[in-house]
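As structure tokens, the structure follows; a few thoughts come after it.
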There are 2 protein chains.
Amino acid sequence: MKTVSTVRSHGGVQGGYSHPSRETGTEMTFSVFVPPHAEGAALPVVWYLSGLTCTHANVTEKGEFRAACAELGLILVAPDTSPRGEGVADDAQGAYDFGLGAGFYVDAMQPPFAPHYRMWSYVTEELPALVADQFPADPARQSIMGHSMGGHGALTIGLTFADRYRAVSAFAPIVAPSQVPWGQKALGGYLGVDRSGWRRHDAVALIEDGARLPDLLVDQGDADPFLAEQLRPELLAEACRSAGQPLTLRMQPGYDHSYYFISTFMGEHLRWHAERLAV
Amino acid sequence: MKTVSTVRSHGGVQGGYSHPSRETGTEMTFSVFVPPHAEGAALPVVWYLSGLTCTHANVTEKGEFRAACAELGLILVAPDTSPRGEGVADDAQGAYDFGLGAGFYVDAMQPPFAPHYRMWSYVTEELPALVADQFPADPARQSIMGHSMGGHGALTIGLTFADRYRAVSAFAPIVAPSQVPWGQKALGGYLGVDRSGWRRHDAVALIEDGARLPDLLVDQGDADPFLAEQLRPELLAEACRSAGQPLTLRMQPGYDHSYYFISTFMGEHLRWHAERLAV
């Protein structure tokens, strides 16, 4: 692991790091905030998964998470959203919603994406092991959150590893990728046309198929331009209602899809995570 | 005035605006955060002046001021750092520390800068009038803060109009431009070689010449790469001591010159301003 930068902030250290990933076969970058802590302490870890077009840098610069993480004693890790670099396939037209910056947190099965696009295994296995090894982290206390495509990642990963992530929340997530254009393009392109393989990567389908969490927190702006076509939180609400899955879905009046929205509710999400990580 | 963008954040509205400036003869951009407030209320206004290379956007995206402004009921205005556009002179070598993005909050007297570089009059007269006219602002309750070159601006403007700004604070300010390379280049280039004209734009000189404020708050990181050569807070401390000017100068261990530093202490500065604006 290479340290790209470290800077003091809110009493802790905000770092940028890179490492050659076994899963993606590329150099991967990520950021970690370590709050002030006692020597030898092992701290809970919150994973933040980013949305389309983002890198680790967007939330690191605009997420306004450090004040709350410092107060609550939480490490926050922000991975990149796809492999990058020489030899990594991209969308044929260079679209923003597929390929580079749009890994959708799956292990791709289709050429030419299968060799490098392994974000599921990278985010759930390889990077957690590296973080546990290199930072004052307590692997027994992890939680996960994300935004938009990263909200999809947080929900599907959280639902799949319900014993590992003690809290799962999302900002404006893609809740049912199988039923919306962004998700259909991504799951089709990475996993192939057989839709049976998509259900493991669709939060609504996972809940329909029996996955459960103690609770779920979702914030969604009602002025989000992607609300009606791509995000469709009503599908999550209906799946949770049918399945008896507890869900706190808050429609936030006037908020859009940006970090101005995310940063507004970041502190509340981190407090909600901290309560569940303290146990 | 043209509204470039508005977005809901922390219960208020973060806007970006532009207008044709009479002072600079150019289109000027600025940002304003208006916190949640009662219909008809007139709110106190905090001015934030940015540093070299910045526009209004840096603090707007990375300053982490909205949570505190929303809680405290403060408007925050962030102007640009220089005129820009067709026909605006720049540093002959395109340097970062003079010309575009480096107006130093003076009215230039020297060719080719005199026609457009009128940031003193712009920030102290023209923009306050526009803000008072277009936003729910209380012109009787204003305060000013800034970073680096903008800290210089906040100190010199605050010391000059002690009856207008009820609180003055700075992050890593240039306290004595007449005595450091950034300032000598800027004041020489904009005001000319006669150093007597520089004293009105040098916080240490202003205090030596009798300017006074009820108090002053300055935070300075001790890992700031510009500390020893350009910022030199010890000159401010010495001038304040000699003059009996109250000063709270806090050296912050491990902090650098970035927004990771500024955002850490932004909430405390805004609270300090709010106390003085409430009276």
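The values are calculated or read from the model by the stated rules, or taken from the named source; none is laboratory data. Quick caveat: nothing in here was measured; it's all calculated off a predicted structure. As a convention, Cβ positions derive from the backbone with ideal geometry for all residues, glycine included, and neighbour counts pool all protein chains shown.
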(message) B:HIS152 - would you say it is more than 24 Å from B:LEU270 (Cβ to Cβ) and crowded, with 22+ Cβ neighbours inside 10 Å?
(response) no
(request) Would you confirm whether any residue within the range A:174-181 is within 25 Å of A:SER263 (Cβ to Cβ) and of a type in the set (Gly, Ala, Ser)? (result) no
(request) Kindly indicate which of A:GLY40, A:GLY85, A:GLY51 is closer than 24 Å to A:TYR260 by Cα and in a loop (DSSP other than H, G, I, E, B). (result) A:GLY51
(message) When you scan the range B:12-27, do you find a residue that is over 19 Å from the mean Cα position of the chain (by Cα), within 14 Å of another protein chain (Cβ to nearest Cβ) and assigned to a strand (DSSP E or B), even just one?
(response) yes
(request) Residues being among the acidic types (Asp, Glu) and within 14 Å of another protein chain (Cβ to nearest Cβ): count how many of those fall in the range A:230-258. (result) 1
(request) Restrict the check to the range A:99-115 and report whether at least one residue is within 26 Å of B:GLY254 (Cα to Cα) and small (Gly, Ala, Ser). (result) no
(request) Look at A:ALA92 and say whether it is within 14 Å of another protein chain (Cβ to nearest Cβ) and either part of a loop (DSSP other than H, G, I, E, B) or touching a residue at least 60 places away in the same chain (Cβ under 8 Å) (or both). (result) no
(message) Report every pair of residues separated by at least 6 positions or lying on different chains whose Cβ atoms are under 6 Å apart, first residue within the range A:51-71 and within 11 Å of chain B (Cβ to nearest Cβ) and closer than 18 Å to B:HIS10 by Cβ, second surrounded by 19 or more Cβ atoms within 10 Å (Cβ to Cβ) and among the aliphatic types (A, V, I, L, M).
(response) A:GLY63/A:MET266; A:GLU64/A:MET266; A:PHE65/A:LEU76; A:PHE65/A:MET266; A:ALA68/A:LEU270
(request) Quickly run through the range A:236-265 and pick out the residues that are farther than 28 Å from A:THR60 by Cα and either touching a Cys at 6+ places or on another chain (Cβ under 9 Å) or charged (D, E, K, R) (or both). (result) A:GLU238, A:ARG241, A:PRO246
(message) Given the criterion touching a Pro at 6+ places or on another chain (Cβ under 6 Å), within 19 Å of A:ASP138 (Cβ to Cβ), surrounded by fewer than 23 Cβ atoms within 10 Å (Cβ to Cβ) and away from chain B (no Cβ under 12 Å), identify the matching residue among A:LEU74, A:LEU43.
(response) A:LEU43
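This table checks each residue for (1) out of contact with any Leu (no Cβ under 6 Å at 6 or more places or on another chain); (2) touching a residue at least 24 places away in the same chain (Cβ under 8 Å); (3) of a type in the set (A, V, I, L, M).
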residue	(1), (2), (3)
A:GLN142	yes, yes, no
A:MET145	yes, yes, yes
A:PHE161	yes, yes, no
A:ALA167	yes, yes, yes
A:PRO173	no, yes, no
A:GLN179	yes, yes, no
(request) Evaluate the following for B:ALA278: is it away from chain A (no Cβ under 14 Å) and modelled with pLDDT under 95? (result) yes
(request) For B:THR3, indicate whether it is modelled with pLDDT of 95 or more, in contact with a helix residue (DSSP H, G or I) (Cβ under 7 Å, 6 or more places away or on another chain), outside any loop (DSSP other than H, G, I, E, B) and away from chain A (no Cβ under 14 Å). (result) no
(request) Tell me, please, whether a residue that is hydrophobic (A, V, I, L, M, F, W, C), part of a loop (DSSP other than H, G, I, E, B) and crowded, with 21+ Cβ neighbours inside 10 Å can be found in the range B:219-237. (result) no
(request) Scan the range A:160-195 residue by residue and report those that are surrounded by 24 or more Cβ atoms within 10 Å (Cβ to Cβ), more than 17 Å from A:ASP224 (Cα to Cα) and within 14 Å of the chain's Cα centre (by Cα). (result) A:TYR165, A:ALA167, A:VAL168, A:SER169
(request) Return yes when B:ASP133 is over 16 Å from the mean Cα position of the chain (by Cα), of a type outside the set (A, V, I, L, M, F, W, C) and farther than 23 Å from B:LEU247 by Cβ and no when it is not. (result) yes
